[in-house]
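Below: the structure, in structure tokens.
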């Protein structure tokens, strides 16, 4: 899937080069255009025949940008199926970090991002989410977990890498204050622009752990040949129920259309096929929905 190229961090290219995971071939069925659903699209999109979809390019196995500027991953497959269903082209553009995604949506440069991006009530002030993923957060640590980081409470006194603008960054910064109030050693939060750079900081011992969503952590840690491992699984780690999905500007008319299109992919089995293809069975959400984080307050 070709994408309109904006930026790819060198760290991402270096980290992924020669490290691709072999996925079992999965036959994702071609979707027939749903004319009734297509007519619900805004006239400007129907006239142009496309939507501009933004991604960070460093959120495997959902979003992966290769050296030859091709986008792959579960979100790419999902977007391809949605585009077929709606009879329009998904033109992809890559930016650095979730904050750039949000800024681009606000400016009107992009129609939406497939993400998945974390859906939280505070983000719903400016954005709407069409959720199709359930997630948890954990830590990538050096082999043997020398600092015994087992949950968010055990991070005091250590250097924790996070992705700039992401929800884990906010939670980690809140934990800084908790450590101070409890008289514990200072927690240092180190923000990076992408996942690979964050993990490289842990491998080079510039950071003690990387705090992020479990699905991409698992993907990347498998690439390190045992140098890193996962810690803090099945803990809340400062979060309630975590929903993730496509992110749109607040009030976008595309939100209900994307939801209906996703519901069709659920009903015909395409959603499950895509998720299983990328080893994301544990992240499957039973039913997609809009702004589901409201229910987790």
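Just so it is clear, none of the values below were taken in a lab; they were calculated from the coordinates. Since this is a predicted model, take the numbers as computed values, not measurements.
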In a GNM of the chain with a 10 Å cut-off on Cα contacts, which of 185, 196, 216 has the highest mean-square fluctuation? 185
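According to the square roots a ≥ b ≥ c of the eigenvalues of the Cα gyration tensor, what is the shape class of the range 241-297, taking rounded for a/c under 1.5, prolate for a/b larger than b/c otherwise, and oblate for the remainder? Could you put the intermediate results ahead of the total?
Working: a/c = 2.20, a/b = 1.33, b/c = 1.65.
It comes out oblate by the Cα gyration axes.
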Just need the relative contact order of the chain here, percent rounded to a whole number, with Cα pairs under 8 Å and 6+ apart. 27 percent
Quick one: angle between helix 167-181 and the longest Cα principal axis of the chain, in degrees between 0 and 90, rounded to 10, please. 30 degrees
Only helical DSSP H runs with n ≥ 4 go in: add -39500 (n - 2.57) per run for the chain, normalise by residue count and round the 222 nm mean residue ellipticity to 500 deg cm²/dmol. -9000 deg cm²/dmol
Distance between the range 48-85 and the range 175-203 - C-alpha centres, whole angstrom: 30 Å
Tell me the angle of helix 74-86 to the major Cα principal axis of the chain, expressed in degrees between 0 and 90 and rounded to the nearest ten. 20 degrees
Between rounded, prolate and oblate, where does the range 21-97 land on the alpha carbon gyration tensor, with a ≥ b ≥ c its root eigenvalues, rounded for a/c under 1.5, else prolate if a/b exceeds b/c? oblate
Per residue, what volume in Å³ does the convex hull of the Cα atoms of the chain enclose? 123 Å³
Identify which of 168, 44, 76 has the largest mean-square fluctuation in a Gaussian network model of the chain, with springs joining Cα atoms closer than 10 Å. 44
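Kindly give the semi-axes, whole Å and largest first, of the ellipsoid equivalent to the range 137-231, taking each as the square root of 5 times a Cα gyration tensor eigenvalue.
Details: eigenvalues 84, 40, 23 Å².
Values for the range 137-231, descending: 21, 14, 11 Å.
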Identify which of 73, 57, 108 has the largest mean-square fluctuation in a Gaussian network model of the chain, with springs joining Cα atoms closer than 10 Å. 108
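Kindly identify the range 97-167 as rounded, prolate or oblate by the Cα gyration tensor criterion: order the square roots of the eigenvalues as a ≥ b ≥ c, call it rounded if a/c is under 1.5, otherwise compare a/b with b/c, prolate if a/b is larger, else oblate.
Because a/c hits 1.5 or more and a/b exceeds b/c, the range 97-167 counts as prolate.
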How big is D, in µm² s⁻¹, for the range 185-261 by Stokes-Einstein at 37 °C and 0.692 mPa s if Rh is the Kirkwood radius over C-alpha pairs? 215 µm²/s
